[in-house]
Each structure stands twice: as structure tokens, then as C-alpha cells.
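The values are calculated or read from the model by the stated rules, or taken from the named source; none is laboratory data. Not measured: the values here are computed from a predicted model. Glycine gets a Cβ as well: all are built from the backbone with ideal geometry, and neighbour counts include every protein chain shown.
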Amino acid sequence: MPFFVKGLAFYWFLLVYYTCCLTILFILQPSTHYKEITMLPVSTPLIEIDCPGLPLLSRGKVRANFGIPGDDSRMLMVASDRISAFDVGMEDPIPGKGAILTKLSLFWFELLADVKNHLVTADVDRYPEACRPYAEQLRGRSMLVRKLQPLPVEFIVRGYISGSFWKAYCKAPLLKDFQGSYKLVLGHRLPADLKESEKLPTPIFTPSTKAAPGMHDENISFKQMAILLEDWIKSKSKGAKPCPDISLLSISIEKFVLRCYQRAADYALTKGIIIADTKLELALDECCNLVIIDEAFTPDSSRFWPLATYAPGRSQESYDKQFLRDYLEGLFKAGLWDKKAPAPKLPEDIIEKTRQRYEEALRLLTS
Ligand SMILES: Nc1ncnc2c1ncn2[C@@H]1O[C@H](COP(=O)(O)OP(=O)(O)O)[C@@H](O)[C@H]1O
Ligand SMILES: [Mg+2]
């Protein structure tokens, strides 16, 4: 065979070989394709999380909780990009919000490492086998946590006067005794001349009820909280001996949340952020220790104000959903929304500005 024919046959062989390889790769494509579907870019907003192989335990305003088959002590908590204001869930999500909230909670859990919290791991690769099919959806926005019974109260600490407490303060009558004028708000004796957003003489603990979906939380006094907790714990312990110092529980809770707030607020101040107030959710573990559950010191659970522009006597610019609240308040005042579901459609710039504020809070606090 002439030399050039042999060469041609060799090239012909190469062509067939590569064609076969490409065909095989094409046939194997489904797995690559599957990856493309599940590896959604982080900016794709997540409204509803579905993990069909895991039992859905509950869906809150922001998070969905899933059970772990065969393990009743833990659960998977996934933060969506949904946002709520005035206890109404908005139809439009804030892209990336779920991941920001998760990162911030993890950050605080680490910073307050000596305070008990519910986190088991946020490393998706260490999640139980049953969670694996949803790994890419869960990455960055979920936590495997201890499944505990949340105490039926929202534990709020206020370092500055704002929001519903400011409204209650304004309505409270002026009182006088031998020490001078003062106002009494939910059992707290406060100076008579506080301005809106002013720093309180010392942070105060103002618990509230945990309202059912669609209802509003209501501020309660320390005494009302103590009764509520005691009744709840007794009903849950079903005749078994409840925690030994149940009568001291409310006092321990007050000290616990005030300490957590002070530490977080002191740290945030070094980063140029005032944590004006915060809400913590707590549970008791099997040894009756207080454990922080849900989220901690995020823009959803706290009012974050920039230190640089802070001035008492007015409402503040903020890194939290106050911006969205102000927009909605404007609609309410204009008679365009009644603060009830369904929520109004949010304009693009409100969504984007809200997203930027959440992102800025994360960047400042964790840098
Ligand atoms: N470790 C935990 N064990 C049991 N329930 C928890 C735990 N952490 C959070 N939760 C509950 O999961 C829900 C989280 O959903 P979320 O959207 O944050 O709801 P909410 O709007 O009520 O705060 C809350 O009801 C919270 O009480
Ligand atoms: Mg919550």
C-alpha cells in the first residue's frame, strides 16, 4: 500500500475514534445536565423550598423546616429569599436574602461560641444522606439544627427606643413621684423626655407573644411572660418533673438575652452599626439549658442603624427591612394598602435597595 494511503487510513481512524468519544460524552450528558439544573446561581431567588424526600415539618414566613428520616432529634432549616413586613409575607423575594441571613446567624453563633445555640452543622457535605439530593439548593442557605421545642415567647431586647415601644411610650401618661417625672411602659420606668430613637439609660427586656400566622405579636409584661412560660412548661412536661428552677426561669432568660444583646451590640458598634433592638427565640434543651434557636442578630430579627448617620429625634436610616416598612407605610398612608395579605407588588428599585442593605450589613459586620 502506498505510503500516502496508509497515512490517510490513520487519519480516518482518528476521526472515527474522536467521533465515538464525542458520542459517548453526549450520551452521558444527563448527569451534567442535572448538575446545571440543581446548581442554580446564588442570585436566583428562592421563594419556596421543596425537598420531596424529606418530611415538611413547618413553613414559617421565611424558613421551611424539614425532618430527617430516622432521626427525630435533628431537623433541616432552610431560609428562603422571602421577606415579610407588618407580619405579612411579600409576594416578591429579595434575591440572596436567605443566604445572607444564614451567613450572619452562623457568624454570630461563632462569635458567641460560649452561648448555647441549636446549630449542628451548616456544611452540606456533612448533612445526612437523605438531604444529599438537594445539596445544591441547600448550600449556603440552610443549617442542620437540633430539633427543640421553641418557648412560646419572643424575647426582645431594646437598647434604643423605636418601633412599637416608641409608640407605647408616646401614649403612656406622664407620672411623678419624689424622684421626678417619668413614664411607665410595660413595667419599665423610663425618663419622661426621651426622643424617638434615643439610647435608653440601660438596655431593657420587653418580651412579646408569639402570634399565630397573620396575627400580630403583642408586648407583654415580665410577669405575664413568667406565667405564660410556667404554664407552657408544665403542660409540656405532662406530669413529669419540669426543670428544677422553673420559677427562676424568667429571671435567667432576662439575664441571658440582655447579656447576648450587649455582646453583639458592643461588637457591632466597632463595625459602625448600632443594633437598636433585637428579638431572640429560645428553647430549653434536655438539661433545661437555654439555647438560641432560629436566627440571631440578623436584619430580619434586629434593627441595624448606621452609626455614622445616627441622630436621635427622628426615625433612622437602616440596614434592615425598615426601608421596606417605610415604603409600605407610605402606601398605607396613601390608602393604597391595608397592611393585610395580599401584599402589594414591590417595585424593582425597592427590592434592589433592600437587597443592597442586607448585603451591606453582612459585609460590614463580617469584615
Ligand atoms: N431548633 C429549632 N427547633 C424547633 N423549631 C425551631 C428551631 N429553630 C427555629 N424553629 C422554628 O422554625 C420556624 C422558623 O421559621 P421562620 O420563617 O423564621 O418563622 P417565623 O416567621 O415564625 O420566625 C419558627 O417557627 C421557629 O420557632
Ligand atoms: Mg424566625
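Looking only at residues in the stretch 291-312 that are surrounded by fewer than 24 Cβ atoms within 10 Å (Cβ to Cβ) and of a type in the set (Val, Ile, Thr), the one that is nearest to ligand 1 (Cβ to nearest atom) is Ile293. The set of residues in the stretch 283-300 that are of a type in the set (D, E, K, R) and more than 16 Å from ligand 2 (Cβ to nearest atom) comprises Asp285, Glu286.
A quick yes/no check of all residues on (1) assigned to a loop (DSSP other than H, G, I, E, B); (2) out of contact with any Asp or Glu (no Cβ under 9 Å at 6 or more places or on another chain); (3) away from ligand 1 (no atom under 16 Å from the Cβ); (4) not basic (Lys, Arg):
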| position | (1), (2), (3), (4) |
| --- | --- |
| Pro203 | no, no, yes, yes |
| Ala212 | yes, yes, no, yes |
| Met215 | yes, no, no, yes |
| Lys223 | no, yes, yes, no |
| Leu229 | no, yes, no, yes |
| Leu249 | no, no, yes, yes |
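Within the stretch 200-227, the set of residues being surrounded by fewer than 16 Cβ atoms within 10 Å (Cβ to Cβ) and more than 16 Å from ligand 2 (Cβ to nearest atom) comprises Pro201, Thr202, Glu218, Ser221, Lys223, Ile227.
If the condition is being in contact with a Lys or Arg (Cβ under 9 Å, 6 or more places away or on another chain), surrounded by 18 or more Cβ atoms within 10 Å (Cβ to Cβ) and not hydroxyl-bearing (Ser, Thr, Tyr), then the stretch 274-290 contributes Ile274, Ile275, Ala276, Asp277, Glu281, Ala283, Leu290. Taking every residue in the stretch 329-341 that is more than 19 Å from Pro213 (Cα to Cα) and pairing it with any residue that is modelled with pLDDT under 95, at least 6 positions away or on another chain, the pairs with Cβ-Cβ distances below 7 Å are Phe332/Lys339.
If you check Ser197 against the conditions, is it away from ligand 1 (no atom under 16 Å from the Cβ), part of a loop (DSSP other than H, G, I, E, B) and crowded, with 16+ Cβ neighbours inside 10 Å? Yes: the conditions hold for Ser197. Screening Ala361 on (1) in contact with a strand residue (DSSP E or B) (Cβ under 6 Å, 6 or more places away or on another chain); (2) assigned to a helix (DSSP H, G or I); (3) within 16 Å of ligand 2 (Cβ to nearest atom) shows it passes everything except condition (3). Every test in (1) surrounded by fewer than 22 Cβ atoms within 10 Å (Cβ to Cβ); (2) in contact (Cβ under 8 Å) with a residue 24 or more places away in the chain is passed by Leu104 save one, and that test is (1).
Restricting attention to the stretch 140-175, the residues being of a type outside the set (Lys, Arg) and in a loop (DSSP other than H, G, I, E, B) number 10. May I ask you to verify whether Leu282 is in a helix (DSSP H, G or I) and either under 23 Å from Phe107 (Cβ atoms) or over 25 Å from the mean Cα position of the chain (by Cα) (or both)? Taking the combined requirement at face value, the residue does not satisfy it. Here Trp166 meets the list (1) outside the structural domain of Asp294 (by TED's automatic domain parsing); (2) in contact (Cβ under 8 Å) with a residue 12 or more places away in the chain almost entirely, failing just condition (1).
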